[in-house]
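Just below is one structure, and these are the notes that go with it.
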2 protein chains.
Amino acid sequence: MTNNRKELWLTLMKIVAVDPFYLRMPDITTAADGTQDTLLVRVRTDTGLEGWGECDASPLVSLAVYCCPMSHGNIINIRTSLIGETLEGPDDALRLSEKVLRNGLDIQQIQHAYSGAEIALWDLVGQRLGKPIYRLLAEMSETSDIAHPKLPYASVLFGDTPEDTYQIAVGLRERGYRAAKFGWGPMGKFGAANDIALVEAARSGMGLEAQIMIDAGVVWGNDHETAYQRAEAFAQFSPTWLEEPLAPDAIDAYGALTQRNPSVPIAAGEGSDTYRTAEDLIVHGGVQFVQIDAGRIGGIMPSFQVRQLAEQHGIQYVNHTFKSHLSLAAALHVFATNPDFDLLEYPAAGSELSQRLVTEPFPVKSDGMVRVRELPGLGVRVDTAAIRDYLAPVRIEVGTDTIFAVQDF
Amino acid sequence: MTNNRKELWLTLMKIVAVDPFYLRMPDITTAADGTQDTLLVRVRTDTGLEGWGECDASPLVSLAVYCCPMSHGNIINIRTSLIGETLEGPDDALRLSEKVLRNGLDIQQIQHAYSGAEIALWDLVGQRLGKPIYRLLAEMSETSDIAHPKLPYASVLFGDTPEDTYQIAVGLRERGYRAAKFGWGPMGKFGAANDIALVEAARSGMGLEAQIMIDAGVVWGNDHETAYQRAEAFAQFSPTWLEEPLAPDAIDAYGALTQRNPSVPIAAGEGSDTYRTAEDLIVHGGVQFVQIDAGRIGGIMPSFQVRQLAEQHGIQYVNHTFKSHLSLAAALHVFATNPDFDLLEYPAAGSELSQRLVTEPFPVKSDGMVRVRELPGLGVRVDTAAIRDYLAPVRIEVGTDTIFAVQDF
């Protein structure tokens, strides 16, 4: 009995290392391009298996959540919560998430930071059990385990002018995109006529057959009246949605906007740091598309819970992904099995760092669609050799202790 | 004209330095005692004036928000947003807050971190204009500028046993406290009988004349049924409120609990990181006391806005303060002018660090009350000499740059 127990214990997979890595391009600009830097998290186990995840968040601030000294029982860092824990199946991933979030109750950044590790835990569980993550989620929720292809929409920034935007749209169309989202840049900054000209240019460059989406980049703050007027003015160009016309926490303004039933559906949600924030936006903001970033909301499971909430409310779940294809993999597993959630944000103009980050990016197939991989875990591998040059060494000293030091993978 | 302009420009007060300081006790335990460490923020101007503020948050994670490298236009650190800006009056404080939050849109920790600087800006504006902060708030909101005394309640942890709790309560009573809150520790962990015995001990030690409050420390998570049962069981001891029986974001569970009208009022809100979180808790959670920490929610102005919302909803605003009397000063200014909001959380068992932090702590006067100071700004001064020994040097290197290094005040 004792021997058996000991053997059982020995065969349990244990977490032995949790390492965040800060990577960045040589030059960072104020452009709304999330691929200029990133925070990757690698979780290693005593079996030799390793999992990876990516955060969409300030790399340094999130990294600090992995190593910050304890303040009291509600501020304990992620490494401390995870190292030494066993990880065998989905239940362990849920248990560890609960522990991490409870230990980090008073760390506001906890979800942004933990997202990378949470995704890495699912990557590990999938590898351990030999199953893609989307199937683990289907088993847990007792729902369909059939994955469906997604229509990728290129996610790009508006050009500085309507003419530039037109050229960008033509380029995307020539590369075969049947859907594209244009966002940020000049939108909302130079009056109604320019806003409308930007949308017209996008439609005209992409052609009448394509889907176009407009991302206003929170530019109208609390002003739901202007947001409504723009939605009405843009309707002639039939965009699939108008995204983030308002500030992320302007829930009442979103409610006022959506209650008027604008002619273009309203999308939002990328700023959701917690499940509750997304729920608040769906229930009280009345959005018709909810856009969740698994690299911000705390990883795969809270994203999956928002997907389930969207299903209950009859609205559409869409990923928010403006990082590498490591993030895209995590995003895909969350909603692969729902055929009605058919759109996929697919970064089309990312930095070299983001493009080199995984060994095999997700291709757009000849039918114009993107599919989740039928491989264990996330189904992608980080190409550490290709991105080593972008790794920023980080060293943090508090008092007389070096609490963090990373030079290499 | 040019000369006049130049002189005007020269007389405008400008921010020249924004410095976060990490202070801590030599030994940190997992006890729910928020005074074991702290993050202070000092803002200096070219006039020689300096303002201070305190954050209730992970010091290292929040400190990183002051110095993190830019990721893109939505991740820009607080120092970059503030240094070089003019600061003359309340409008500037609001303008700078909007700038900081906009530049930090994608930094989840932004409110926790910015709280200290925001409070320091109000401290500076008050000093510049020769007015206490509560009067600036009254002028801006065109409401009464008469400050009212508050009844301080000692905020302590439950003893490990009912007997220990009784002794703690007797001690508080002997020190003259007419109100005390007991929280965390064993509450909720050893069954109903022990929970009830703990409350009975608190009541019995404090006496029948005193107000007692019970802080369940989020122990029942989403389980509003147990929370309801405990509220009913505790009612015989007439606590003023039952605080945080549920997880901070369990808004629907709070709603379900408060809709049953438990015999003890429900209090919550210390976890509010944003105005919206507090609003969500008030509107959809139905709490009767909303507890706001100006050191978490982003400082004085968002706290004041929650106070106004509480007034509109006919519920009571209370401060959450488990740091030094620097935080207590900020808390007092927010709701000094509302005589109905008469309770003040007053840390009664803080660390030496927190007790030495300001030169003149707020005394409990002979009438048992605490009053805001009629001095410009916050009305308290940080005793840097007294707390120098607690200052933890911090050094952060990213790539080849030292992006943060503090050795002394």
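Coordinate-derived values only; no laboratory data. Note that the coordinates shown come from a computational prediction; the quantities given were computed from them, not determined experimentally. When we count neighbours, we look across all protein chains shown, and the Cβ atoms used for this are built from the backbone with ideal geometry, even at glycine.
Among A:M369, A:M140, A:M301, the largest mean-square fluctuation in a Gaussian network model of chain A, built with springs joining Cα atoms closer than 10 Å, belongs to A:M140.
Counting only alpha carbon atoms, the long axis of helix A:2-11 and the longest principal axis of chain A meet at about 30°. Separation of segment A:45-67 from segment A:284-358 is 19 Å, based on Cα centroids.
Summary for B:A235: label point 7 Å along Cα→Cβ; distances to the equivalent points in the other copies, ascending, 5.3 nm.
The phi-based Karplus calculation (6.51 cos²θ - 1.76 cosθ + 1.60; θ = phi - 60°) puts the 3J(HN,Hα) values of segment B:371-385 at 10, 5, 8, 8, 10, x, x, 5, x, 10, 10, 6, 8, 4, 5 Hz, whole numbers, x for Gly and Pro. With K and R counted +1 and D and E -1, the other residues having a Cβ less than 12 Å from that of A:I292 yield a net charge of -4. Take A:E163, move 7 Å from Cα toward the beta carbon, and the resulting point lies 8.7 nm from the same point in each other copy, nearest first. Put the Cα centre of segment A:167-200 next to the Cα centre of segment B:134-191 and the gap is 56 Å. For B:C67, the shell of other residues with beta-carbons less than 14 Å away shows a net charge of -1, using +1 for Lys and Arg and -1 for Asp and Glu.
For the charge dipole of chain B, defined by +1 on Lys and Arg C-beta atoms and -1 on Asp and Glu C-beta atoms about the Cα centroid, which residue among B:L328, B:Q407, B:C68 has the Cα displaced farthest towards the positive pole? Of the candidates, B:Q407 comes out farthest on the positive side. Proximity of backbone amide H atoms, modeled 1.01 Å from N, is registered between A:F404 and A:I396 at under 5 Å, excluding neighbours fewer than 5 places apart on the same chain. Magnitude of the charge dipole for the protein assembly as shown, about its Cα centre and with charges confined to Cβ atoms of Lys, Arg (+1) and Asp, Glu (-1), is about 680 debye. Label-to-label distance, B:R175 versus B:A233, with points set 7 angstrom from Cα along the beta-carbon direction: 2.9 nm. Computed from label points 7 Å out along Cα-Cβ, the spacing between B:K189 and A:T402 is 3.7 nm. Output the 0 to 90 degree angle, nearest 10, between the alpha-carbon long axis of helix A:224-234 and the longest principal axis computed from the alpha carbons of chain A. Orientation of helix A:224-234: about 70 degrees from the principal axis. For GluC sites (Glu not before Pro), the sites in segment A:101-183 that DSSP calls loop and that have at most 12 other Cβ atoms within 10 Å are A:E142. Amide H contacts under 5 Å for B:N222: B:A247, restricted to partners 5 or more places along the chain or on a different chain, H placed in the peptide plane at 1.01 Å from N.
Checking every one of the GluC sites (Glu not before Pro) in segment B:188-255 against DSSP loop status and a limit of 16 other Cβ atoms within 10 Å picks out B:E209. For B:I396, the shell of other residues with beta-carbons less than 14 Å away shows a net charge of -2, using +1 for Lys and Arg and -1 for Asp and Glu. For segment A:70-87, the Karplus equation 6.51 cos²θ - 1.76 cosθ + 1.60, evaluated at θ = phi - 60°, returns couplings of 4, 9, 4, x, 9, 10, 10, 6, 5, 4, 4, 5, 9, 5, x, 7, 8, 9 Hz by residue, with Gly and Pro reported as x. Lysine pair count for chain B with Cα-Cα distance under 28 Å and sequence separation of 8 or more or different chains is 18.
3J(HN,Hα) along segment B:392-408, derived from phi through the Karplus expression 6.51 cos²θ - 1.76 cosθ + 1.60 where θ = phi - 60°, amounts to 8, x, 10, 9, 10, 10, 10, x, 9, 9, 8, 8, 7, 7, 10, 10, 7 Hz, with x in place of Gly and Pro. The GluC sites (Glu not before Pro) of segment B:316-409 meeting both criteria, a DSSP state outside H, G, I, E and B (loop) and at most 16 other C-beta atoms within 10 angstrom of the site's C-beta, are B:E374. With label points defined 7 Å past Cα in the direction of Cβ, position A:A17 shows copy-to-copy spacings of 4.0 nm, given to one decimal and shortest first.
Taking amide H as placed 1.01 Å from N in the peptide plane, the amide H of A:K181 sits under 5 Å from that of A:A154, A:S155, A:V156, A:M213, each at least 5 places away or on another chain. The residue list B:P347, A:W52, B:A250 was ranked by how far each Cα lies along the charge dipole of the protein assembly as shown toward its positive end, using unit charges on Cβ atoms, and A:W52 comes out on top. In this label model, B:R388 and B:R95 are separated by 3.8 nm, measuring between points 7 Å along each Cα→Cβ vector. Every helix of 4 or more DSSP H residues in the protein assembly as shown counts as -39500 (n - 2.57), and over all residues that averages to -11500 deg cm²/dmol at 222 nm. Taking A:D46, A:D56, A:D123 as the candidate residues, the one with maximal mean-square fluctuation in a Gaussian network model of chain A, Cα springs under 10 Å, is A:D46. Shown is the FRET efficiency for A:S204 and A:R102, computed with R0 = 41 Å from the Cβ-Cβ distance and rounded to the nearest 0.05: 0.20.
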